[in-house]
Amino acid sequence: MQIQGELKGMVQISSYVTGCIVTHNNMSSIDETITTLLEYTKGVDFKLTVVDNMSTDSTPDHIRDTYPEVKVIEPHTNNGFGCGHNIVLGELDSKYHCVINPDISISDDVIAKMAAYMDEHPEIGLLSPKICFPDGRMQILGKRNPKIKYLVASRMRGEEPGKLLREYAMLDEDLDSVMEIENATGCFMMFRTELFKKLGGFDKRYFMYFEDCDITRAVAKHAKVIYYPEAVVYHVWGRESKKNFKLMLVQISSMFKYFAKWRKG
C-alpha cells in the first residue's frame with residue numbers, strides 16, 4: 001500500500017513524544033493539565049512545551065516557577081491557536097507529537113498508550129482519543145467532515161442530539177471501537193511528527209476554529225486518521241463561541257475559509 005510505504009519511511013526508532021500547549025490566560029485550568037500530563041506520562045520519554053499567546057494573567061511566569069521541566073515560549077504576539085502550535089515545528093525531533101489544549105486532563109498514561117498503538121500501525125498519521133467531560137460523560141464532537149447542516153445542528157443542539165448531530169458525531173456507530181474518522185478534535189491530537197512537519201503544521205489562515213478540521217483532511221491525503229477510544233482524555237469544553245460574540249465572528253470567519261479551501265473536496 002503506497003501510504004503505508006510512505007509512512008514506514010518516516011518512522012523513527014526512539015519512543016520519544018513531544019507535546020505542545022498554547023495558552024492565553026489559562027491560569028484557571030493549566031495546573032491540572034500540566035500536573036496530570038507530567039504525573040501520568042511514564043511509558044515514553046516526554047517533552048512538554050507551552051507557547052503563550054500574550055497572557056495577561058501571569059500564566060507563563062506561573063508555569064516557569066512551578067514546572068521547571070516545561071519549556072515556555074513567549075512569542076509576544078497572538079496569531080491564534082494553530083500559529084502558536086506551529087512555533088515549535090522547527091525544533092521537533094520526536095517520533096510523535098501531541099497538540100494539547102490547556103483545559104484537558106488525563107487519569108492514566110494516555111500518551112504512552114497512544115504511542116504504542118501508533119507503533120503497531122504505521123499507516124496511522126493522526127490518532128484521536130475518546131474525549132469526555134470531567135465527570136466522565138462522552139462529549140458529542142464531530143467525526144465527519146463539517147457541513148453547513150451539521151454546524152447548524154451543533155449550534156442549535158438541545159438536551160438530546162437530533163438526527164443531523166448524531167450523524168455528524170457518529171453517535172449511531174460503536175464509539176467504544178477503533179474506527180477511521182474524517183474529523184479529529186483539536187483539544188488532543190497525536191501526530192506522527194514527521195508528517196506533521198511535512199504538512200507545515202496548521203494552516204496559518206485560521207486564527208482559531210476549523211484548523212483541526214483542516215489539518216485532519218490534510219493528514220488524510222497521506223495517512224489514516226483513527227479514533228482510538230482505549231485512550232481517554234478529559235476536556236472542560238466551555239463552548240466559548242456560544243457565549244462570546246467576538247469569538248462567534250472568529251468562528252464564522254474560519255468556517256468560510258474552511259469551506260472555500262475544501263469546496264472541491
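With respect to the conditions (1) at pLDDT 95 or above; (2) open to solvent by 10 Å² or more (accessible area, probe 1.4 Å), M208 falls short on a single one, namely (1). Taking first residues from region 74-89 that are under 9 Å from N53 (Cβ atoms) and touching a residue at least 24 places away in the same chain (Cβ under 8 Å) and partners that are assigned to a helix (DSSP H, G or I) and of a type in the set (D, E), the Cβ contacts under 8 Å between residues at least 6 apart in sequence or on separate chains come to G80/E211; F81/E211. Within region 229-262, the set of residues being at pLDDT below 90, open to solvent by 60 Å² or more (accessible area, probe 1.4 Å) and farther than 21 Å from A184 by Cβ comprises K242, K243, N244, F245, K246. Does G186 satisfy the condition of being in contact (Cβ under 8 Å) with a residue 40 or more places away in the chain and surrounded by fewer than 14 Cβ atoms within 10 Å (Cβ to Cβ)? No. Looking only at residues in region 153-181 that are charged (D, E, K, R) and in a loop (DSSP other than H, G, I, E, B), the one that is surrounded by the most Cβ atoms within 10 Å (Cβ to Cβ) is R157. Of the residues in region 15-35, none is crowded, with 17+ Cβ neighbours inside 10 Å, over 16 Å from the mean Cα position of the chain (by Cα), under 20 Å from V99 (Cβ atoms) and free of Cβ contacts under 8 Å to residues at least 40 places away in the same chain. For region 253-260, the criterion of a residue being within 23 Å of S105 (Cα to Cα), of a type outside the set (D, E, K, R) and in contact (Cβ under 8 Å) with a residue 40 or more places away in the chain is satisfied by no position. Within region 117-138, being surrounded by fewer than 16 Cβ atoms within 10 Å (Cβ to Cβ) and within 19 Å of E39 (Cα to Cα) holds for one residue alone: P134. Given the structure, is M208 touching a residue at least 60 places away in the same chain (Cβ under 8 Å), part of a loop (DSSP other than H, G, I, E, B) and touching a Phe, Trp or Tyr at 6+ places or on another chain (Cβ under 6 Å)? Considered against the rule, which asks whether it is touching a residue at least 60 places away in the same chain (Cβ under 8 Å), part of a loop (DSSP other than H, G, I, E, B) and touching a Phe, Trp or Tyr at 6+ places or on another chain (Cβ under 6 Å), M208 comes out as yes. Close contacts from region 94-105, counting a first residue that is aromatic (F, W, Y) and a second that is part of a strand (DSSP E or B), with Cβ to Cβ under 9 Å and a gap of 6+ residues or different chains, come to Y96/Y16; Y96/V17; Y96/T18; Y96/L127; Y96/M190; Y96/F191; Y96/R192. Which one of these does M189 not meet: (1) in a loop (DSSP other than H, G, I, E, B); (2) under 16 Å from F210 (Cβ atoms)? Among (1) in a loop (DSSP other than H, G, I, E, B); (2) under 16 Å from F210 (Cβ atoms), the lone unmet condition for M189 is (1).
I need the full set of residues from region 73-86 which are buried (at least 18 other Cβ atoms within 10 Å of the Cβ) and within 19 Å of F46 (Cα to Cα), in order please. If the condition is that a residue be buried (at least 18 other Cβ atoms within 10 Å of the Cβ) and within 19 Å of F46 (Cα to Cα), then H85, N86 are the ones that fit. What is the residue count in region 53-73 for residues that are touching a residue at least 24 places away in the same chain (Cβ under 8 Å), under 19 Å from D31 (Cβ atoms) and assigned to a loop (DSSP other than H, G, I, E, B)? Here the count works out to 8.
For (1) touching a helix residue (DSSP H, G or I) at 6+ places or on another chain (Cβ under 9 Å); (2) among the hydrophobic types (A, V, I, L, M, F, W, C); (3) assigned to a loop (DSSP other than H, G, I, E, B), each residue gets a yes or a no:
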| residue | (1), (2), (3) |
| --- | --- |
| D31 | yes, no, no |
| F46 | yes, yes, no |
| V51 | yes, yes, no |
| T77 | yes, no, yes |
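The single condition among (1) among the small types (G, A, S); (2) farther than 19 Å from W237 by Cβ; (3) touching a strand residue (DSSP E or B) at 6+ places or on another chain (Cβ under 7 Å) that G162 does not meet is (3).
The values are calculated or read from the model by the stated rules, or taken from the named source; none is laboratory data. Note that this is a predicted model, so its numbers are computed, not measured. Note that each Cβ is placed from the backbone with ideal geometry, even for glycine, and that neighbours are counted across all protein chains shown. SASA here: full protein model, heavy atoms, side chains in, ligands and nucleic acids out. Shrake-Rupley method; radii C 1.70, N 1.55, O 1.52, S 1.80 Å.
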